[in-house]
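The values are calculated or read from the model by the stated rules, or taken from the named source; none is laboratory data. These figures come from a predicted structure and were not determined experimentally. Using ideal geometry, Cβ is built from the backbone for each residue, glycine included, and neighbour counts are taken over all protein chains shown. Areas reflect the complete protein model, heavy atoms only, side chains present, ligands, DNA and RNA absent. Shrake-Rupley method; radii C 1.70, N 1.55, O 1.52, S 1.80 Å.
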Amino acid sequence: MTIAATLIEGDGIGPEITDATLRILDAVGAPIDWDEQVAGVGALESVGTPLPDATIESIRRTHLVLKGPLMTPIGSGFRSVTVALRQEFAMYANVRPVRTILPGQRYENIDLVLIRENTEGLYVGYETTIAVGDDPKAVAQSTAIVTRVGCERAIRFAFDYAVANGRKKVTICHKANILKAVSGLFLDVGREVAQEYQGRVAVDDVIIDACAMKLVVDPWQFDVIVTTNMFGDILSDLMAGLVGGLGLAPGANIGEHTALFEAVHGSAPDIAGQQVANPSALVLAACMMLEHAGEPERAKRVRDALEHTVREGIHTTRDVGGNGSTREFADAVSNRVS
Ligand code: NAI
């Protein structure tokens, strides 16, 4: 059966890593009918808006997206398109697994999953600046929105994920000592939901700052971590660092009706257009998409081929110690799956 999916190649290194990913998916015979759409800076330049209606409509039709990274201007300019898509399609759970592929790193045998609440918190973007005297930006204000429903669906997703994937423990990560309302609600709901999984999944909780320290000192004490939007954003980059960097970290945004798969990393403008970007994170995200769409066998073939190629180290990109190009790495993985 053919799978209909929307493809957004993205900005910066997006076109290079998307091309690499499509070559590998072709090689494995993934039966995907792509509807190619634009978003981000590319879309702003070509159609005058970073999130065109045609892209939204395509996602409404396919409910399934593979997306390259999208650039967001810092400080001013348009708001994050990735965040807008998560909110528009209520993709409330962001699944970010990190697993050691490359031996000889600072940490061995890492196998963790971060589940990030994906639609609420400070990232709702309720921000304003207040003028005082002749300073138009004397005060800046941002409002976090956290709802019981939003907490519950993300936390329940984390526990269900743990059960479905044979995970033993869920750690609720919060800042309820200081942010007593917004983070306190997340922790309260977390403890309530945890009771329903008693005897099946262990639970503990940790304050975000201590969690960051513990992840660096002894990451093996964790299994699944569930946390709020911004903490999850920060922690998932830290966790990618445990397994060799952002080039190896995939992510899935899951909602009730729509799922979007992407790399954890951004558009990496510092290396764009040079064919040195590691496409592995997007390829691994595509594997998560294949599994989600009922193609676990092809997902496994791609993942095995990718892991083998990374471990072999002959065609790897420079971020993981090699000197292969993006395309050379993709060809090496393709040759292994086909
Ligand atoms: P970034 O993740 O793009 O890059 C951070 C560092 O990691 C850079 O040194 C980069 O060269 C390196 N890196 C990232 N991906 C790599 C890959 N596949 N292979 C090799 N090296 C890689 O983060 P940065 O620079 O803070 O953000 C750049 C832009 O990306 C910003 O506009 C930001 O808003 C956007 N962004 C988009 C995301 C998305 O679409 N989901 C997620 C994160 C950032």
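Do we have any residue at all in region 159-175 that's open to solvent by less than 10 Å² (accessible area, probe 1.4 Å) and assigned to a helix (DSSP H, G or I)?
Yes; the residues of region 159-175 include at least one that is open to solvent by less than 10 Å² (accessible area, probe 1.4 Å) and assigned to a helix (DSSP H, G or I).
Look at residue 204 and say whether it is touching a strand residue (DSSP E or B) at 6+ places or on another chain (Cβ under 9 Å) and not hydroxyl-bearing (Ser, Thr, Tyr).
yes
Please indicate, with yes or no, whether at least one residue in region 56-63 is within 17 Å of the chain's Cα centre (by Cα), surrounded by fewer than 15 Cβ atoms within 10 Å (Cβ to Cβ) and farther than 24 Å from residue 150 by Cα.
no
Restricting attention to region 275-284, which residues are more than 10 Å from the ligand (Cβ to nearest atom) and surrounded by fewer than 24 Cβ atoms within 10 Å (Cβ to Cβ)?
Correct list: 275 only.
Of the numbered conditions (1) in contact (Cβ under 8 Å) with a residue 60 or more places away in the chain; (2) closer than 22 Å to residue 258 by Cβ, residue 164 fails exactly one; give the number of that condition.
Status for residue 164: all satisfied but (1).
Just to verify a result, which residue in region 285-312, among those that are of a type in the set (Lys, Arg) and either in contact (Cβ under 8 Å) with a residue 60 or more places away in the chain or within 16 Å of the ligand (Cβ to nearest atom) (or both), is nearest to residue 324 (Cα to Cα)?
311
For region 130-143, which positions are open to solvent by less than 70 Å² (accessible area, probe 1.4 Å) and in contact (Cβ under 8 Å) with a residue 12 or more places away in the chain?
142, 143
Being within 26 Å of residue 86 (Cα to Cα) and modelled with pLDDT under 95 narrows it down to one residue among 232, 247, 255, 251; which is it?
None of the others qualify; the one that does is 247.
If you take the residues of region 217-234 that are aromatic (Phe, Trp, Tyr) and assigned to a helix (DSSP H, G or I), which of them is least open to solvent (accessible area, probe 1.4 Å)?
231
Being of a type in the set (A, V, I, L, M, F, W, C), open to solvent by less than 10 Å² (accessible area, probe 1.4 Å) and either over 18 Å from residue 88 (Cα atoms) or within 12 Å of the ligand (Cβ to nearest atom) (or both) is the filter here, so list the residues in region 1-24 that pass it.
8, 13, 17, 20, 24
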